[in-house]
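*Asks:* Right, I'll just put the structure down here and ask away after.
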Ligand code: SF4
């Protein structure tokens with residue numbers, strides 16, 4: 001490791017009722033620990049990207065976590081869960097299962113950056129159908145959508161992948177989708193393209 005090298009870390013306030021809420025203490029701590037020269041970027045996926053000196057990664061991460069922030073790798077990984085604001089309440093909108101899902105999926109190395117969305121009801125205000133994988137809570141079960149494409153001039157909504165899943169089924173199914181993408185993608189193949197190539201039916205069989 002050379003002195004002066006930097007790396008990006010992704011910082012998030014975690015999954016909670018009210019959405020991605022940073023507290024004044026969070027922001028003070030980020031400002032205090034990362035140094036005056038640090039670049040801090042607001043991404044489109046509810047993470048702050050913070051540039052830090054490589055040699056201080058562990059101590060910076062520890063200080064950020066001490067005030068309740070979550071720290072993830074940046075780049076070619078699955079992002080932390082892009083969840084809604086849980087306006088229907090913690091239980092009705094499923095904040096606990098969203099946290100469990102986030103812990104399972106955030107930071108897995110993937111062929112391209114993977115965005116996984118979660119909405120606590122069918123109003124879907126977190127735009128789950130414009131994510132690579134979108135989860136929508138429908139009363140007591142969950143529907144999964146895959147292959148949303150929000151960028152470029154060929155935008156496409158994700159297709160329904162599975163519906164009526166229980167809480168217990170949700171995380172294993174999503175992990176199997178990610179695992180299959182990791183092992184079968186050709187180079188840096190985009191997730192939506194990958195689904196088009198391997199077909200939705202094959203992916204459904206693998207994930208079931
Ligand atoms: S998806 Fe539903 S529960 Fe979540 S913030 Fe939007 S309206 Fe509220």
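Derivation of every value follows stated rules applied to the coordinates shown; laboratory data play no part. Note that this is a predicted model, so its numbers are computed, not measured. We place every Cβ from the backbone using ideal geometry, glycine too, and count neighbours over all the protein chains shown.
*Asks:* Using only Cα atoms, find the angle between the long axis of helix 167-184 and the longest principal axis of the chain, and express it within 0 to 90 degrees, rounded to the nearest 10.
*Replies:* 80 degrees
*Asks:* Fewest to most neighbouring Cβ within 10 Å: what's the order for 138, 162? It would help to have the intermediate numbers written out before the result.
*Replies:* Numbers: 138 13, 162 19.
Starting with the residue having the fewest Cβ neighbours, the order is 138, 162.
*Asks:* At 222 nm, what helix-only mean residue ellipticity would the chain give, in deg cm²/dmol to the nearest 500, using -39500 (n - 2.57) for each DSSP H run of four or more?
*Replies:* Working: 7 runs with 70 residues, N = 208.
Taken over the chain, the calculation gives -10000 deg cm²/dmol.
*Asks:* Label-point separation (nm) for residue 59 and residue 208, each offset 7 Å from Cα along Cα-to-Cβ?
*Replies:* Between residue 59 and residue 208, the simple spin-label model gives 5.5 nm.
*Asks:* Return 5, 109 ranked ascending by Cβ neighbour count within 10 Å, so the fewest neighbours appear first.
*Replies:* Details: 5 9, 109 12.
With the fewest neighbours first, 5, 109 line up as 5, 109.
*Asks:* Quote the convex hull volume per residue of segment 82-207, based on C-alpha atoms, as a whole number of Å³. Please list the in-between numbers first.
*Replies:* Numbers: hull volume 12.2 nm³, N = 126.
Dividing the Cα hull volume of segment 82-207 by its residue count gives 96 Å³.
*Asks:* Please work out the C-alpha center-to-center distance from segment 146-170 to segment 96-133 and express it in whole Å.
*Replies:* Cα centroid to Cα centroid, the span is 10 Å.
*Asks:* Gap in Å between the Cα centre of segment 34-85 and the Cα centre of segment 187-206?
*Replies:* Measuring centre to centre over Cα atoms gives 30 Å.
*Asks:* Using Cα-Cα distances under 8 Å and only pairs 6 or more residues apart, what relative contact order does the chain have, in percent? Each step should come with its number before you reach the end.
*Replies:* Values: 403 pairs, mean separation 32.1, N = 208.
It rounds to 15 percent for the chain.
*Asks:* Follow-up question, since we're still on this one. Which parts of segment 141-166 would a label at residue 193 reach, counting a residue when its backbone N lies under 18 Å from a point 7 Å out along Cα-to-Cβ?
*Replies:* Under 18 Å, as judged by backbone N against the label point of residue 193, lie 147-157 of segment 141-166.
*Asks:* Which shape class applies to segment 152-208: rounded if a/c is under 1.5, otherwise prolate when a/b exceeds b/c and oblate if not, where a ≥ b ≥ c are the square roots of the Cα gyration tensor eigenvalues?
*Replies:* Details: a/c = 2.11, a/b = 1.40, b/c = 1.51.
Oblate, since a/c reaches 1.5 and b/c is not below a/b.
*Asks:* Suppose R0 equals 41 Å; then what is the FRET efficiency for residue 176 and residue 7 from their Cβ-Cβ distance, rounded to the nearest 0.05? Walk me through the numbers on the way to the answer.
*Replies:* Numbers: r = 30 Å, r/R0 = 0.74.
That gives a FRET efficiency of 0.85.
*Asks:* Could you give the length gained by full extension between residue 201 and residue 151, i.e. 0.36 nm per residue of separation minus their alpha carbon distance, to one decimal place?
*Replies:* Full extension from residue 201 to residue 151 adds 15.5 nm.
*Asks:* For 181, 49, what's the fewest-to-most ordering of other Cβ within 10 Å of each Cβ?
*Replies:* Sorted ascending by nearby Cβ count, the order is 49, 181.
*Asks:* How far, in degrees from 0 to 90, does helix 57-66 lean away from the longest principal axis of the Cα atoms of the chain, to the nearest 10?
*Replies:* Once rounded, the angle reads 80 degrees.
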